[in-house]
């Protein structure tokens, strides 16, 4: 009886120990998990507040870890994470704490700092673990990591703010070239605040009619006759005025708003083109850009068919522009999506052409109608003979494949003459016409604009 009670007591203790381990430690690396790290960091912040000392949080993210998993397998990836967890633990002092935040992310807490130089020394030790290869399955692997540092109380006075700002600094390090460590700065925090404010406002911009379209003419390089327009999205912020598309379009993509905004752009542009035709203007095509998210959507074909039906615009007067980055992907869905769009009767063009020059041979597999030579090459006309040579190659290649060529970013008469002489079909840019409102376009068309 006593033996049974003793066995039950031991089993209970072991079970509690196992449950405690699972609750607070990462089962793969054996180091503290997010829950325990948060708890210890909160305690360290309370102590730092009492002692007047500083505290550092270092956020580490591996560079290219996905490629390790994809090429070598998840078993190798797991072994690599174990090695890194051990190296981080070994390079830190007894008072410091390393935890696995999730995936290939690690957090390090350095408490009770008297001077920032102490943290700099520890940061150097942390980054030094990547200088030597990791031994995985008797193979040497070189992997780098990017780090971000936040300091209490300057960069936050609670757990969530400190970790968020360390994460922010880590992404800044990655943007700087990876394999580096970066301190959180006031500019970083201001940029994040600005991004958050703009994103919040962008959620209401469509409903508040703050978004609108301008239209830039596309003209024949030989005759100056208008052959089409490109619809360009604009945002007039009620307090800040016009916001650059280079700023708000990435925000729309990151926040998931690009699908609803993109559909509005499609319908508005189609409706405008149809309205011009009904006013008696010569029918021309309307070019609309598709984002990566729009292009990947399984509903894209249905959305475009719906826009055409709702506005009454014939498909041949709509051109969909995709970036060269999308077009040159080898995934099967690219050709399948393009084939589906072509069956609707719309035209397809590849925007920013030439920026992925090494993939030009893939053109033969794509059901497209037109390429748009990127403006970076157009700026080289009369300045850089190499740019001129590349333009000639692109025009020649397109002609051999039965594709039309449009050059974007044309700003001078010399650029126009060069392109016309070399066989470019159409041009677009400030020299031929700036982006304008629909009303301004109509006034110019009524004034016998070609």
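The values are calculated or read from the model by the stated rules, or taken from the named source; none is laboratory data. Just so it is clear, the structure is predicted and the values come from calculations on it, not from any experiment. When we count neighbours, we look across all protein chains shown, and the Cβ atoms used for this are built from the backbone with ideal geometry, even at glycine.
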Notebook entry, point to check: Mind checking whether some residue in segment 243-253 is modelled with pLDDT under 95 and closer than 19 Å to residue 217 by Cα?
Noted result: yes
Notebook entry, point to check: Given the structure, is residue 354 closer than 30 Å to residue 248 by Cβ, in contact (Cβ under 8 Å) with a residue 40 or more places away in the chain and touching a helix residue (DSSP H, G or I) at 6+ places or on another chain (Cβ under 7 Å)?
Noted result: yes
Notebook entry, point to check: If you check 371, 381, which single one turns out to be buried (at least 21 other Cβ atoms within 10 Å of the Cβ) and either out of contact with any strand residue (DSSP E or B) (no Cβ under 7 Å at 6 or more places or on another chain) or on the phi > 0 side of the Ramachandran plot (or both)?
Noted result: 381
Next item on the list: Residues being assigned to a strand (DSSP E or B) and either in contact with a strand residue (DSSP E or B) (Cβ under 7 Å, 6 or more places away or on another chain) or not assigned by TED's automatic domain parsing to the domain that holds residue 132 (or both): count how many of those fall in segment 91-109.
Entry: 10
Checklist line | Unique residue being surrounded by fewer than 19 Cβ atoms within 10 Å (Cβ to Cβ), assigned by TED's automatic domain parsing to the domain that holds residue 292, touching a residue at least 24 places away in the same chain (Cβ under 8 Å) and within 16 Å of residue 290 (Cα to Cα) when the list is 225, 253 | finding: 253
Note to self: If I go through segment 304-336 residue by residue, how many of them are assigned to a helix (DSSP H, G or I), more than 21 Å from residue 404 (Cα to Cα) and out of contact with any strand residue (DSSP E or B) (no Cβ under 9 Å at 6 or more places or on another chain)?
What the structure shows: 8
Check: Residues of segment 404-422 being more than 35 Å from the chain's Cα centre (by Cα) and surrounded by fewer than 16 Cβ atoms within 10 Å (Cβ to Cβ), which ones?
Finding: 413, 414, 417, 421
Item checked: Residues that are within 14 Å of residue 147 (Cβ to Cβ) and in contact with a helix residue (DSSP H, G or I) (Cβ under 6 Å, 6 or more places away or on another chain), drawn from segment 79-100 -> 91, 98
Margin query: Quick check on my filter: what residues within segment 285-305 are surrounded by fewer than 19 Cβ atoms within 10 Å (Cβ to Cβ), within 22 Å of residue 271 (Cβ to Cβ) and touching a residue at least 12 places away in the same chain (Cβ under 8 Å)?
Written below: 297, 301, 303, 305
Checklist line | Meets criteria (within 16 Å of residue 119 (Cβ to Cβ) and touching a strand residue (DSSP E or B) at 6+ places or on another chain (Cβ under 8 Å)) for residue 47 | finding: no
Check: Mind checking which residues of segment 38-72 are modelled with pLDDT under 90 and in a helix (DSSP H, G or I)?
Finding: 65, 66, 67, 68, 69, 70, 71, 72
Checklist line | Any chance residue 52 is without any contact (Cβ under 8 Å) to a residue 12 or more places away in the chain and assigned by TED's automatic domain parsing to the domain that holds residue 151 | finding: yes
Next item on the list: Within segment 429-437, identify whether any single residue is part of a strand (DSSP E or B), surrounded by 18 or more Cβ atoms within 10 Å (Cβ to Cβ) and touching a strand residue (DSSP E or B) at 6+ places or on another chain (Cβ under 8 Å), and answer yes or no.
Entry: no
Checklist line | Selection from segment 391-403 of residues that are surrounded by fewer than 18 Cβ atoms within 10 Å (Cβ to Cβ) and under 13 Å from residue 422 (Cα atoms) | finding: 392, 393, 396, 397, 399
Check: Do we find a residue being touching a strand residue (DSSP E or B) at 6+ places or on another chain (Cβ under 7 Å) and in a helix (DSSP H, G or I) anywhere in segment 403-412?
Finding: no
